[in-house]
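Contents: one structure, followed by commentary.
The values are calculated or read from the model by the stated rules, or taken from the named source; none is laboratory data. Not measured: the values here are computed from a predicted model. Note that each Cβ is placed from the backbone with ideal geometry, even for glycine, and that neighbours are counted across all protein chains shown. In case anyone asks, the SASA skips ligands and DNA or RNA and just uses the protein heavy atoms, side chains included. Shrake-Rupley method; radii C 1.70, N 1.55, O 1.52, S 1.80 Å.
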Amino acid sequence: MAESNRPIIRACDLVYRAEETAMADGREFQVILDGMSFEVHRGEVFGIMGMSGAGKTSVLRLLMGLVQPTSGDIEVLGRSIIGLPEYELNRIREQMGMCFQYAALLDSMTVADNVAFALRRRSHLSRQEIERKVEEHLERVGMSGTGNQMPAELSGGMKKRVGIARALITEPQVILYDEPSAGLDPIMASVIDNLIVGLRDEFGMTSVVVTHEVEELFGISDRVMMIYQGKVVACDTPEALRGTDNPYVQQFVRGQAHGPIAV
Amino acid sequence: MLIGLVTALGRQFISFLSYFGKTTQLHLSIWRGLLTGRLGYRVTVQQLAEIGVNSLAIAVVTLLLSGMVIGYHMSVQAGKLGVSELVGWFVSETMCRELGPVLVAFVVAARVGSAMAAELGSMRVTEQIDALRAMATDPVDYLVLPRYVACLVMVPLLVFIGDIVGVTGGYVMAVLSPSINQTVYFDSLPGNLEVWTVVAGVIKAAFFGMIIALVGCHQGLTCRRASEDVGRATTRSVVYSIMLVYAANLVLTTILYPK
């Protein structure tokens, strides 16, 4: 298969059980993902939707190698990440970025230091160049002039935008967004949506976006995957999903309380 | 009932082995990081200040008061036995061999080890540790190495300063005793107090520093993702550090001060 046609991310028969938490509590393992397979193509915006607790965030954590699946395989940028030591995983992570649901800013550092963190550790850019890039990326997410503030001084939405700037500054090939517009006002949510689409169109950046905001996801994604009870119930273009007769998709898209999805 | 007891003991034993295995693994990662030059100097300097400079006052006060108490007891007992001229030597031996290293270790475990567990634990709860990993930064290299090195350097230094302060505290109380004059206290040190006694105490302190950093960081990095567990990890870090310091002290004392 030609390199350009090869999926940038490939998950094969993923099973993930929350062993760590369950073991500590003496409870039975909770199955989060149960035999999930999907592919993400280079340069596409790939949406993942599902109910709260469906395992959307777990998918992102698995793709980033933050947790290991119970079984199955994950290939990122042409390489299996299962069982890789941390330093090997870091080589792959250098080409990825992740925006966390609650931003996960380093709270002992200023906004500018947070955004500059990866560049300072990995690039050979001068201090002035890094400062310029930080300001440029803060401006991109509507946070210009906040570099000297501490994360504790920001609102949830502002933190989220700083988190996005931090993930973008290294210009990764793949970027994973966990609920990118949750907690943002409609205008700023639109700015972030345009940013995600713009990065695809301008730089061919691949994005995986997790959210339960259907309209937002359909507006920006090339393909959308819906998960329910740890399994893929549908994966297609937004247009195809709107027209599908899959009862799970229809119930979720229409926001109906009654249907095959147990509430 | 017997089966229940055996099961409970077995579970505790497995839990101990698991804890031992995980801390050993962390310790190996720390040394791998140190030997491959992954120590961040700026963060290490911050930690040296935090652990060393900011713990100095409490360590000095603890050792000064302990030295005064020991000086008081020694001067009373030595007066009864007619060996008042040796009080300075007795106090310095006690401080340098045992009280200095152990008390400083307790102070640092309570002040610094607990802070490490709380800081790293709250970073884990708020996904900051995951964010570091997502930015291709090993949390052991970035967070643990500087704290470990700072403890390894500063705890022995605090002990050395504490030994001097403690012996001076003993002097203050001893000279108040009618049987001891001002010069005899320090005159008893040359020829009696060996350099090795002081050096071995400082070596013990280096091991105690390693234990405190290792336990504090391990507790923080492995606490579960709930705020209440940060509190538990903090308490555990102090309890485990103190217990391990006691155990290590016994082993190191028999090795460093052979009969």
*Being surrounded by fewer than 16 Cβ atoms within 10 Å (Cβ to Cβ) and within 20 Å of the chain's Cα centre (by Cα), is that true of even one residue in region A:234-254?*
yes
*Selected residue (criterion: most open to solvent (accessible area, probe 1.4 Å)) from residues of region A:170-190 that are touching a residue at least 60 places away in the same chain (Cβ under 8 Å) and β-branched (Val, Ile, Thr)*: A:Thr170
*Could you please let me know if A:Arg93 is within 14 Å of chain B (Cβ to nearest Cβ) and without any contact (Cβ under 8 Å) to a residue 40 or more places away in the chain?*
yes
*May I ask you to say which residue of A:Val214, A:Val208, A:Val263 is closer than 27 Å to A:Asp13 by Cα and without any contact (Cβ under 8 Å) to a residue 12 or more places away in the chain?*
A:Val263
*Looking only at helices (runs of 4 or more DSSP H) that fall completely inside region B:184-259, which ones have 2 or more residues that are farther than 30 Å from B:Ala78 by Cβ and not aliphatic (A, V, I, L, M)?*
B:195-222, B:227-256
*asked:* Is it the case, given these coordinates, that A:Phe46 is at the interface with chain B (Cβ under 10 Å from one of its Cβ atoms) and under 12 Å from the mean Cα position of the chain (by Cα)?
replied: no
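With B:Gly166, B:Gly170, B:Gly220 as the choices, which residue is touching an Asp or Glu at 6+ places or on another chain (Cβ under 7 Å), open to solvent by less than 20 Å² (accessible area, probe 1.4 Å) and touching a residue at least 24 places away in the same chain (Cβ under 8 Å)?
Details: B:Gly166 fails: touching an Asp or Glu at 6+ places or on another chain (Cβ under 7 Å); B:Gly170 fails: touching an Asp or Glu at 6+ places or on another chain (Cβ under 7 Å).
After applying the criteria, what remains is B:Gly220.
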*Which condition number does B:Arg111 fail, the rest of (1) open to solvent by 40 Å² or more (accessible area, probe 1.4 Å); (2) within 30 Å of A:Leu168 (Cβ to Cβ) being met?*
(2)
*Which one of these does A:Ser155 not meet: (1) within 13 Å of chain B (Cβ to nearest Cβ); (2) open to solvent by 50 Å² or more (accessible area, probe 1.4 Å); (3) of a type in the set (Ser, Thr, Tyr)?*
(1)
*Consider A:Ser207 carefully, then state whether it is open to solvent by less than 10 Å² (accessible area, probe 1.4 Å) and among the polar types (S, T, N, Q).*
yes
*Are there any pairs with C-beta distances below 7 angstrom linking a residue in region B:126-143 that is closer than 23 Å to B:Ser227 by Cα to a residue that is open to solvent by less than 10 Å² (accessible area, probe 1.4 Å) and small (Gly, Ala, Ser), with the two at least 6 apart or on different chains, and if so which?*
B:Thr126/A:Ala104; B:Glu127/A:Ala104; B:Gln128/A:Ala104; B:Asp130/A:Ala104; B:Ala131/A:Ala104; B:Val140/B:Gly33
*Pairs where the first residue, in region A:96-116, is closer than 11 Å to B:Glu127 by Cβ and within 9 Å of chain B (Cβ to nearest Cβ) and the second is open to solvent by 30 Å² or more (accessible area, probe 1.4 Å) and not in a loop (DSSP other than H, G, I, E, B), C-beta under 6 Å, 6+ apart*: A:Ala103/A:Lys159; A:Leu105/A:Lys159
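Can you name every residue in region A:165-179 that is under 19 Å from A:Ser123 (Cα atoms) and not small (Gly, Ala, Ser)? I'd like the intermediate steps shown before the answer.
Applying the first criterion (under 19 Å from A:Ser123 (Cα atoms)) to region A:165-179 yields A:165-175.
If the condition is that a residue be under 19 Å from A:Ser123 (Cα atoms) and not small (Gly, Ala, Ser), then A:Arg166, A:Leu168, A:Ile169, A:Thr170, A:Glu171, A:Pro172, A:Gln173, A:Val174, A:Ile175 are the ones that fit.
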*Breaking point among (1) within 14 Å of chain A (Cβ to nearest Cβ); (2) touching a helix residue (DSSP H, G or I) at 6+ places or on another chain (Cβ under 9 Å); (3) not hydrophobic (A, V, I, L, M, F, W, C), for B:Thr126*: (2)
*Just name the residue that is farthest from A:Gly47 (Cα to Cα) out of those in region A:164-186 that are at pLDDT below 90 and among the aliphatic types (A, V, I, L, M).*
A:Leu184
*Quick check: is even one residue across region B:141-148 within 14 Å of another protein chain (Cβ to nearest Cβ) and aromatic (Phe, Trp, Tyr)?*
yes
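Working carefully through the options B:Gly191, B:Gly113, B:Gly121, find the one that is in contact with a Gly (Cβ under 9 Å, 6 or more places away or on another chain) and away from chain A (no Cβ under 14 Å).
Numbers: B:Gly191 fails: in contact with a Gly (Cβ under 9 Å, 6 or more places away or on another chain); B:Gly121 fails: away from chain A (no Cβ under 14 Å).
Every option except B:Gly113 fails the conditions.
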*If you take the residues of region A:81-90 that are within 22 Å of B:Ile30 (Cα to Cα) and either of a type in the set (Lys, Arg) or surrounded by 15 or more Cβ atoms within 10 Å (Cβ to Cβ) (or both), which of them is nearest to the other protein chains (Cβ to nearest Cβ)?*
A:Asn90
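Here's the yes/no breakdown for (1) in contact with a helix residue (DSSP H, G or I) (Cβ under 6 Å, 6 or more places away or on another chain); (2) of a type in the set (Phe, Trp, Tyr); (3) over 30 Å from B:Val165 (Cβ atoms):
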| site | (1), (2), (3) |
| --- | --- |
| B:Leu5 | no, no, yes |
| B:Phe13 | no, yes, yes |
| B:Tyr19 | no, yes, yes |
| B:Leu26 | yes, no, yes |
| B:Ser29 | yes, no, yes |
| B:Gly52 | yes, no, no |
| B:Ile70 | yes, no, no |
_Residue satisfying condition, being in contact (Cβ under 8 Å) with a residue 12 or more places away in the chain, open to solvent by 40 Å² or more (accessible area, probe 1.4 Å) and in contact with a Phe, Trp or Tyr (Cβ under 9 Å, 6 or more places away or on another chain), within set B:Leu34, B:Leu56_ = B:Leu34
*Sort through A:Gln101, A:Gln95 and tell me the only one that's at pLDDT below 95 and either open to solvent by less than 80 Å² (accessible area, probe 1.4 Å) or touching a Ser or Thr at 6+ places or on another chain (Cβ under 9 Å) (or both).*
A:Gln101
_Based on this model, can you work out whether A:Ser123 counts as modelled with pLDDT under 95 and open to solvent by 60 Å² or more (accessible area, probe 1.4 Å)?_
no
